[in-house]
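Just so you know, all these numbers are worked out from the coordinates, no wet-lab data involved. Please read all numbers here as calculations on a predicted model, not as lab measurements. All Cβ positions, glycine included, derive from the backbone under ideal geometry; neighbour counts span all protein chains shown.
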Amino acid sequence: MSRINLTDDSDTVAQKIRKAKTDPEPIPESMEGLSGRPEAKNLVSIYASLADEPAQAVLARFAGQGFGAFKPALAELLVETLRPIKARLDELRADPAELDAILTRGAGRAAELAQPTLDAAYRAVGLRRS
C-alpha cells in the first residue's frame, strides 16, 4: 500500500489513495500551511504534478476541505493519468515477442550512445590505446 504500481487496476489505485496517510487538519490555503505535514504535502504535490499546475493552485481549490474530499479527486486524476500507460503495459505484457524486440532495440541504442564514454574510460585507465 506504500506505492502505486503500473500493474494496479483502477480500483486498487483508488483504494491506495483513500488509505494514504494524512492528518485530520483541513487543507491549508498556502504552502506554508503544509509545513510539518509531509504526508499532506506529498499528496498535494502529486496532484499538482499530475494536473500540471502549481501546488498553490491546488491548495486554493481545496482550501478548508478535509482529505475526505481531496483524496477522491486525486484518485480520479491519478487513475485517468495512468489509464493509457496501463493499457500499453497490458498490451506489451500480452505480446512477449514485441516486448523483447523493444528491449533489443533499446539495448542497441544504449550501447551505441555509451560507446564513446566507455572508450574514453578504457583509454583513461590504459586498457585501450587511442
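The table below gives the values:
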read-out	value
Average Cα contact separation per residue, the chain, under 8 Å, 6 or more apart, as relative contact order %	25 percent
For ARG61, net neighbour charge (Lys/Arg +1, Asp/Glu -1) across residues whose Cβ lies under 15 Å away	-3
Between 0 and 90°, nearest 10: helix 67-94 axis offset from the chain longest Cα axis	30 degrees
Loop-located trypsin sites (Lys or Arg not before Pro) in the stretch 1-40, at most 12 other Cβ atoms within 10 Å (DSSP)	ARG3, LYS19, LYS21
Within a Gaussian network of the chain (alpha carbon springs, distance under 10 Å), most fluctuating of ARG109, ARG88, ARG37	ARG109
Dipole magnitude of the chain, debye to nearest 20 (Cβ charges: Lys/Arg +1, Asp/Glu -1, about Cα centre)	540 debye
GNM result for the chain, Cα springs below 10 Å: residue of LEU43, LEU113, LEU99 fluctuating most strongly	LEU113
Farthest toward positive dipole pole in the chain [+1 Lys/Arg, -1 Asp/Glu at C-beta], among GLN65, ALA20, ILE102	ILE102
Lysine-lysine proximity count for the chain, Cα under 15 Å, sequence distance 8 or more or distinct chains	5
Helical contribution to [θ] at 222 nm, DSSP H n ≥ 4, -39,500 (n - 2.57), averaged over the chain, rounded to 500	-23000 deg cm²/dmol
Read-out volume of the Cα convex hull per residue in Å³, derived from the coordinates shown; its label in (i) 182; (ii) 114; (iii) 168	(i)
